[in-house]
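Asks: One structure, pasted below without further comment.
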Amino acid sequence: MSDELGAATGVRQSVSVVLPVLLEGEPDWERGPLPFPAGQGRRDAEWRRTYFAPAVARALHGRRWHRTTTVTGGPLSLVGLELLGAARPDEPRRALGVLHFDVTGPALLAVLRAVGHRPGALPDPLTGPLDPAVLFRGVADTDPPAEPFAIARPYTVAFFTPDAGHTPVLRVDGELPDTADEWLLWLSARAADRDTPTTPQRHARVAQEAIRLSADWSALVGRHGTAFLGHRADRGEGDFYDFAAGHVRSIHLDTLLLGRVQRDHINALGDQLSTVFGTGTGLAGRVAALESDIAAFRSAYWRPHQNVHGPADGVLRAFHAHHRLPELFADILAEAADYGRLVQTRESQQIAGALGVLTILGLPLGTALSVLQVLGDENPWHLLIALGGAFAATAAALTTRYGRLVLASLRGRPRG
């Protein structure tokens with residue numbers, strides 16, 4: 001059945017490609033997200049802001065730049081570029097680059113397979129005039145340090161609307177054929193049946209994971225791509241799909257960018273956790289820096305119950321589920337809390353050790369001086385002898401089990 005999709009030409013076909021980049025400075029592009037037409041208005045930053053919590057809207061649109069351009073390469077026609085600043089504690093230049101393409105001909109699945117580097121796929125379409133290194137030259141480095149595959153490879157957001165002949169995806173008498181979810185799966189996975197043959201159990205899960213945005217269209221969020229697919233014949237200009245196409249490239253794309261930024265930050269925090277017990281001193285400082293980074297991330301990006309309003313919230317939750325972000329962040333919070341308690345325990349031990357040293361040192365010294373005072377002895381030699389005896393008694397006390405325990409506590413580690 002993937003052969004039918006591979007030979008299908010949608011009334012509207014588009015793909016947005018998201019990839020990690022490093023900013024070389026603030027771009028001299030237009031500020032804000034790339035505005036797309038939608039009926040009587042435009043989906044600019046002011047309009048999009050109504051769909052997001054204020055903190056999230058600031059994070060998505062505050063450090064955002066766009067440039068409208070037209071470049072054609074094969075079936076792809078570039079309509080615009082975007083950059084979203086997403087600084088991380090370990091990389092302040094971190095950003096996400098977005099390339100918006102229209103696709104012509106029966107090439108949408110072929111393009112997605114090529115971007116995903118599937119065996120036997122076409123050459124990577126992001127080369128030549130469409131090479132991100134060329135398109136972002138002078139504003140961003142598209143070759144960031146090596147990272148895990150899921151982070152380093154481009155993420156795709158595909159949109160396809162059918163005509164009256166695309167019966168595998170058209171709703172009939174209110175019911176969707178099973179092939180509609182198969183098309184969703186292939187578009188989101190950037191794969192054909194011959195790439196990753198799927199089991200009946202996987203197809204059954206797709207029906208549960210698919211997000212029914214309305215009777216007219218559905219979405220499916222995958223690990224490496226998201227697909228939006230129409231279920232009613234597209235009548236062209238003036239159809240509801242005018243709205244849907246703009247929504248995919250604005251609200252839904254912003255939602256997926258938010259999920260991508262959240263995932264990248266959580267991965268960075270997890271890596272930071274793994275280095276807390278690095279060589280050298282300064283555990284308290286490293287834990288304090290980690291807690292500060294977690295607080296900054298939560299303040300700007302992580303409000304699970306008030307990030308996005310409307311159907312796009314389901315898209316974000318599906319992205320979270322695929323990458324297990326709530327569970328991963330909960331583990332990070334729990335582990336950071338354990339390290340914070342460990343630092344507090346060590347500091348308490350050091351304070352107790354300091355008090356113990358003062359006690360061991362002060363008791364003999366105070367006793368000797370008190371005896372001399374009672375006797376009225378003001379001879380300086382007798383005072384020096386008393387001080388020497390007090391220090392000898394202190395040294396002897398520190399060799400006892402209690403004294404060694406006090407010294408170990410002062411050093412911040414248990415006595416072996």
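The values are calculated or read from the model by the stated rules, or taken from the named source; none is laboratory data. Values in this document were obtained by computation on a predicted structure and should not be read as measured data. As a convention, Cβ positions derive from the backbone with ideal geometry for all residues, glycine included, and neighbour counts pool all protein chains shown. Quick note on the areas: whole protein, heavy atoms, side chains included, nothing else; ligands and nucleic acids left out. Shrake-Rupley method; radii C 1.70, N 1.55, O 1.52, S 1.80 Å.
Asks: Classify region 23-100 as rounded, prolate or oblate, taking a ≥ b ≥ c as the square roots of the eigenvalues of its Cα gyration tensor: rounded when a/c is under 1.5, otherwise prolate if a/b is larger than b/c and oblate if not.
Replies: Cα axes put region 23-100 in the oblate bin.
Asks: A follow-up question, please. Could you give the length gained on full extension between Ala321 and Thr127, defined as 0.36 nm per residue of separation minus the Cα-Cα distance, in nm? Could you put the intermediate results ahead of the total?
Replies: Details: separation 194, 0.36 × 194 = 69.84 nm, distance 3.25 nm.
Result for the pair: 66.6 nm of gain on full extension.
Asks: Within the accessible area of region 74-148, what % is carbon and sulfur when the probe is 1.4 Å and the other protein chains stay in place? Each step should come with its number before you reach the end.
Replies: Values: 1710 of 2930 Å².
The nonpolar share, carbon plus sulfur, comes to 58 percent.
Asks: Once region 76-166 is represented by equal point scatterers at the alpha-carbon sites, with solvent omitted, what log10 I(q)/I(0) does the Debye formula produce at q = 0.11, 0.12, 0.21 Å⁻¹?
Replies: -0.38, -0.45, -1.21
Asks: Would you mind classifying region 160-266 by shape? Square roots of the alpha carbon gyration tensor eigenvalues, ordered a ≥ b ≥ c; an a/c under 1.5 is rounded, otherwise it is prolate if a/b is larger than b/c and oblate if not. Write out the running numbers ahead of the final one.
Replies: Details: a/c = 2.04, a/b = 1.12, b/c = 1.82.
It comes out oblate by the Cα gyration axes.
Asks: Roughly how many nanometres apart are two label points built 7 Å out from the Cα toward the Cβ at Asp173 and Thr275?
Replies: Label at Asp173, label at Thr275, 6.2 nm between them.
Asks: Another question about this same structure. Calculated FRET efficiency, Glu4 and Glu30, Cβ-Cβ r, R0 41 Å, to nearest 0.05?
Replies: 0.50
Asks: What is the distance, in nm, between label points placed 7 Å from the Cα along the Cα-to-Cβ direction at Glu237 and at Asp338?
Replies: Taking the simple label geometry, Glu237 and Asp338 are separated by 6.2 nm.
Asks: On the protein heavy atoms, probe 1.4 angstrom, tell me the percent of accessible surface of region 158-290 carried by carbon and sulfur. List each step's numbers first, then the result.
Replies: Values: 2790 of 5140 Å².
Summing carbon and sulfur atoms, their accessible area is 54 percent of the total for region 158-290.
Asks: Using a 10 Å cut-off on Cβ atoms, rank the peptides 226-232, 99-105 from the highest mean neighbour count down.
Replies: My ranking of the peptides, most packed first, is 226-232, 99-105.
Asks: Another one. Tell me, what is the FRET efficiency for Leu283 and Asp44 to the nearest 0.05, using R0 = 56 angstrom and their Cβ-Cβ distance as r? Let's see the in-between values first.
Replies: Details: r = 47 Å, r/R0 = 0.85.
The value I calculate is 0.75.
Asks: Compute the semi-axes of the equivalent ellipsoid of region 199-261, taking the square root of 5 times each eigenvalue of the Cα gyration tensor, and list them largest first in whole Å. Numbers along the way, then the final one.
Replies: Values: eigenvalues 99, 65, 12 Å².
They are 22, 18, 8 Å, listed largest first.
Asks: Let's test the formula: R0 of 25 Å, r as the Cβ-Cβ distance of Thr68 and Ala296. What FRET efficiency results, to the nearest 0.05?
Replies: Details: r = 33 Å, r/R0 = 1.32.
Approximately 0.15, to the nearest 0.05.
Asks: Then there is this: Starting with the highest mean, order 10-16, 26-32 by the number of other Cβ atoms within 10 Å, averaged over the residues of each peptide.
Replies: Numbers: 10-16: 21.7, 26-32: 14.1.
Final packing ranking: 10-16, 26-32.
Asks: Turning to a different aspect of this structure: Take the alpha carbon gyration tensor of region 68-119, find the square roots of its eigenvalues, order them as a ≥ b ≥ c, and report rounded if a/c is under 1.5; if not, report prolate when a/b exceeds b/c, else oblate.
Replies: oblate
Asks: Could I ask something else about it? Given region 77-228, what whole percent of its Cα pairs are spread farther than 20 Å?
Replies: Details: 6403 of 11476 pairs.
More than 20 Å apart: 56 percent of the Cα pairs in region 77-228.
Asks: Residues of region 229-273 with amide nitrogen under 15 Å from the 7 Å Cα-to-Cβ point of Ser77?
Replies: 237
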